[in-house]
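Structure, as structure tokens:
The values are calculated or read from the model by the stated rules, or taken from the named source; none is laboratory data. For clarity, every value in this text was computed on a predicted model and none was experimentally measured. Because the Cβ atoms are built from the backbone with ideal geometry, glycine has one as well, and the counts that use them run over all protein chains shown.
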Amino acid sequence: MDILSSFNVVYFFYESRFILFIYSLSVIILFIYALHFFIKQLLLFVEKKVNKLSLFSISFLIFLLFFLISPEKGEIWFWVVSTAMYLNSLSIFFILTGLIISKNNKIIHYLLLSICAIYCGGSSEVYAFIFLLIFTSLIIWMIFSKSNLGINFKKQSKNKLGISILLLFSSFLISILALGNKIRASWLPEPSFVNTLYITFKELIKFIILKLPSHNWWILLFFLPFMHIGYISGKNINKLSFAKFQKNFLYSFIILFIILYIFLFPACYLLSEIGPTRSLSFPIFLITLFIAFWSLTAGYYCIKKAYIIRYGNIISLFILIFVFSILIIKQQEIVSNYAKKLDQRTLFLKKLKKTKNKKTIILEALPSSGFLYSAEISNDTSYFGNEHYRLGLFLEFNIKIK
């Protein structure tokens with residue numbers, strides 16, 4: 001339902017040249033708002049104070065880092081179907097979790113919580129399973145924790161968590177039992193639990209080694225801004241020794257690897273390989289969150305003097321703004337050229353349609369689409385992309401590229 005509603009809104013305004021831009025911008029704004037709302041509620045829950053500027057800066061920097069280290073950005077951030085299934089689901093999950101830990105118990109909050117839980121359960125089966133795992137972990141922590149935080153969570157959030165799990169699971173169950181999933185399952189290889197244990201490990205190593213390193217230089221530019229925010233928030237805090245910080249960091253790195261393995265397992269089990277790039281937004285976000293958390297923590301607990309961190313932050317932000325500005329200018333050129341060629345192709349095929357052409361048409365390949373998701377077709381006329389493009393233009397002839 002969520003995918004259809006998103007697509008129908010975009011399709012209804014298809015003639016507008018700005019609809020995809022407006023939709024994509026809305027997806028980004030929703031993500032930043034959801035992240036801001038979740039972090040704010042989390043800080044209120046643990047009784048930590050952060051000023052509004054720092055809170056917005058953290059939310060925006062996390063979004064920007066997440067965006068920049070995302071491989072195949074067009075598939076994750078700018079494809080309508082993909083964002084409805086995965087990215088928007090992630091945003092709604094942040095809002096849902098923020099509502100659960102919030103002290104506010106107004107009826108409107110319960111209504112919004114219910115809508116969010118239903119969306120999260122029905123958007124993506126794999127993500128819904130992950131969300132259920134997270135909430136199950138919260139229940140276990142709530143039952144066995146004897147800390148003040150655990151007791152407070154149990155008092156103010158147990159009803160909201162229970163309702164969320166019930167609605168999320170119901171929506172997930174309806175989605176998983178849908179006829180389309182049965183048809184899709186018949187096209188996939190027979191799942192094997194034992195083989196998936198090895199496949200998930202292999203695919204996770206490939207993901208870390210092959211996909212992430214190309215974005216490492218972006219990661220380096222974000223360390224100092226996060227550390228500076230952490231330092232400002234923790235000026236009067238007793239500092240930790242570097243040895244203790246390093247020990248905790250190494251332990252958390254191992255935990256991150258285990259969590260990534262668990263979260264990648266469902267997709268690898270269903271597909272016998274790692275899921276498509278669009279389904280990796282959650283693991284990529286976890287890596288982003290890991291980087292942001294430990295950079296903030298280093299500034300909060302370890303940095304004693306502001307001189308180096310202050311000027312390092314200014315230099316990092318200057319480089320980041322400069323490089324990102326250049327990137328936007330280049331993307332404008334790349335995307336404009338791509339859009340121009342795609343429009344020319346579409347116009348050419350529409351003219352051929354009027355001539356009642358029946359022959360297979362061989363087309364020149366499109367240029368790079370940059371950050372956009374490419375509408376390129378294949379040299380195989382039966383490829384689904386060719387068929388969708390052909391049927392979308394109501395063509396009575398086959399098309400392919402050289």
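Summary table
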item: Some residue of the stretch 300-323 being aromatic (Phe, Trp, Tyr), under 28 Å from the mean Cα position of the chain (by Cα) and within 26 Å of THR277 (Cβ to Cβ); result: no
item: Inter-residue pairs, beta-carbon under 8 Å, first within 12 Å of SER123 (Cβ to Cβ) and in the stretch 165-176, second of a type in the set (S, T, N, Q), 6+ apart; result: SER175/ASN181
item: From the options SER70, SER89, residue that is surrounded by 22 or more Cβ atoms within 10 Å (Cβ to Cβ), touching a Cys at 6+ places or on another chain (Cβ under 7 Å) and in the same structural domain as ILE134 (by TED's automatic domain parsing); result: SER89
item: Matching residues in the stretch 113-168 - criterion: being among the basic types (Lys, Arg) and in a helix (DSSP H, G or I); result: LYS154, LYS155, LYS158, LYS160
item: Cross-chain or 6+ apart pairs with Cβ under 6 Å, the stretch 360-375 first and closer than 14 Å to PHE78 by Cβ, then crowded, with 19+ Cβ neighbours inside 10 Å and among the acidic types (Asp, Glu); result: TYR373/GLU75
item: GLY392 being of a type in the set (Gly, Ala, Ser), exposed (fewer than 12 other Cβ atoms within 10 Å of the Cβ) and within 28 Å of PRO71 (Cβ to Cβ); result: yes
item: Residue in the stretch 268-276 that is within 30 Å of THR136 (Cα to Cα), within 17 Å of the chain's Cα centre (by Cα) and surrounded by 15 or more Cβ atoms within 10 Å (Cβ to Cβ) present; result: yes
item: Any hit, the stretch 95-112, residues being in a loop (DSSP other than H, G, I, E, B), farther than 25 Å from LEU133 by Cβ, in contact with a Leu (Cβ under 9 Å, 6 or more places away or on another chain) and not aliphatic (A, V, I, L, M); result: yes
item: Residue satisfying condition, being of a type in the set (Ser, Thr, Tyr), surrounded by 20 or more Cβ atoms within 10 Å (Cβ to Cβ) and in a helix (DSSP H, G or I), within set SER59, SER26, SER54; result: SER59
item: Filter result for the condition that a residue is more than 28 Å from LEU20 (Cα to Cα), exposed (fewer than 14 other Cβ atoms within 10 Å of the Cβ) and not β-branched (Val, Ile, Thr), over LEU111, LEU99, LEU167, LEU161; result: LEU111
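Residue-by-condition table, conditions (1) within 22 Å of the chain's Cα centre (by Cα); (2) modelled with pLDDT of 80 or more; (3) assigned to a helix (DSSP H, G or I):
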| site | (1), (2), (3) |
| --- | --- |
| HIS215 | yes, no, yes |
| PHE226 | yes, yes, yes |
| GLY230 | no, yes, yes |
| LEU289 | yes, yes, yes |
| TRP294 | yes, yes, yes |
